[in-house]
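First up is the structure itself, then whatever we jot down about it.
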Amino acid sequence: MTVKISVLVSGNGTNLQSVIDAIENGDIDNAEIACVISDKEGAFALTRAEKHGIEGIYANPKLCASRQDYDNILIGILKEKETDLVLLAGYLRIVSDSLIEEYKNRIINIHPSLLPSFKGLNAQKQAIDYGVKYTGCTVHFVEPDLDAGPIIMQKVIPVFDGDTAETLAKRLLVEENKAYREVVKLFVDGKLEVNGRIVKIKD
Ligand code: GRF
């Protein structure tokens with residue numbers, strides 16, 4: 001059965017691109033990206049999608065009175081596309097409880113820190129300002145509490161003397177792109193098992 005993936009984006013889309021490439025080169029079998037939905041009209045992620053023949057959809061938040069209304073529109077699109085897995089890839093909006101309930105343990109996010117450290121925005125700058133010697137990225141299932149769902153995979157990188165948030169983010173993005181495609185492959189291959197907060201990778 002082909003796993004249908006819908007990707008929510010807001011920006012550049014390097015994590016989207018990583019998954020597109022892994023599907024196209026056969027690293028990820030039995031999956032297709034049904035659509036890419038952006039809350040930002042000019043997101044380059046939409047251009048990336050269209051370059052690969054994937055439907056890019058701009059869903060304008062300004063047309064909705066509330067987060068709930070917006071997410072109801074998203075749920076409608078996700079269902080129409082028969083979505084099995086929702087990826088948040090550089091997506092900057094907080095998803096509503098109803099969307100999370102509709103796709104329990106089927107919404108995955110990537111965050112540029114070793115959660116639970118440095119939740120929220122500018123995680124790379126938070127790490128620099130705190131003075132940590134190592135940081136990394138976290139791929140996790142999405143739950144109502146921000147950046148707090150069960151952790152699927154983490155990758156660690158050192159923080160170098162003289163690193164800025166920008167130099168750190170650039171190095172970190174390489175690891176994020178790797179982690180995300182590895183996790184999507186595990187999900188598609190049915191190898192992720194969630195027990196409460198604990199995610200196990202089946203052999
Ligand atoms: C990445 O650091 C991601 O972790 C964060 O947004 C940044 C850009 O992601 N959520 P992308 O290049 O748009 O996938």
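Only one of Glu143, Glu175, Glu182 is touching a helix residue (DSSP H, G or I) at 6+ places or on another chain (Cβ under 8 Å) and not hydroxyl-bearing (Ser, Thr, Tyr). Can you tell me which?
Only one candidate passes the filter, namely Glu143.
Between Leu92, Leu87, Leu74, Leu99, which is touching a residue at least 40 places away in the same chain (Cβ under 8 Å), surrounded by 15 or more Cβ atoms within 10 Å (Cβ to Cβ) and out of contact with any strand residue (DSSP E or B) (no Cβ under 6 Å at 6 or more places or on another chain)?
Being touching a residue at least 40 places away in the same chain (Cβ under 8 Å), surrounded by 15 or more Cβ atoms within 10 Å (Cβ to Cβ) and out of contact with any strand residue (DSSP E or B) (no Cβ under 6 Å at 6 or more places or on another chain) holds for just one of Leu92, Leu87, Leu74, Leu99, which is Leu74.
Which numbered condition trips up Asn25, out of (1) farther than 27 Å from Ala127 by Cβ; (2) buried (at least 16 other Cβ atoms within 10 Å of the Cβ)?
Only one criterion in (1) farther than 27 Å from Ala127 by Cβ; (2) buried (at least 16 other Cβ atoms within 10 Å of the Cβ) is unmet by Asn25, namely (2).
Which one is nearest to the chain's Cα centre (by Cα) among residues in the stretch 126-142 that are within 12 Å of the ligand (Cβ to nearest atom) and polar (S, T, N, Q)?
Here the answer is Thr138.
Since Gly53 meets every condition but one in (1) open to solvent by 40 Å² or more (accessible area, probe 1.4 Å); (2) over 20 Å from Glu143 (Cβ atoms); (3) touching a residue at least 12 places away in the same chain (Cβ under 8 Å); (4) more than 18 Å from the chain's Cα centre (by Cα), which condition does it not meet?
Condition (3) is where Gly53 drops out.
Considering the stretch 4-32 alone, what residues qualify as being closer than 12 Å to Lys81 by Cβ and either assigned to a helix (DSSP H, G or I) or more than 16 Å from the ligand (Cβ to nearest atom) (or both)?
Hits for the stretch 4-32 are Lys4, Glu32.
Cβ-Cβ below 8 Å, separation at least six or inter-chain, first residue in the stretch 163-175 and closer than 15 Å to Ser18 by Cβ and among the small types (Gly, Ala, Ser), second modelled with pLDDT under 95 and open to solvent by 30 Å² or more (accessible area, probe 1.4 Å): which pairs?
Going by the 8 Å Cβ cut-off, there are no qualifying pairs.
The values are calculated or read from the model by the stated rules, or taken from the named source; none is laboratory data. All figures in this text were calculated on a predicted structure; none of them were measured in a lab. Note: ideal-geometry Cβ built from the backbone for every residue, glycine included; neighbour counts use all protein chains shown. The area values use the complete protein model at the heavy-atom level, side chains included, leaving out ligands, DNA and RNA. Shrake-Rupley method; radii C 1.70, N 1.55, O 1.52, S 1.80 Å.
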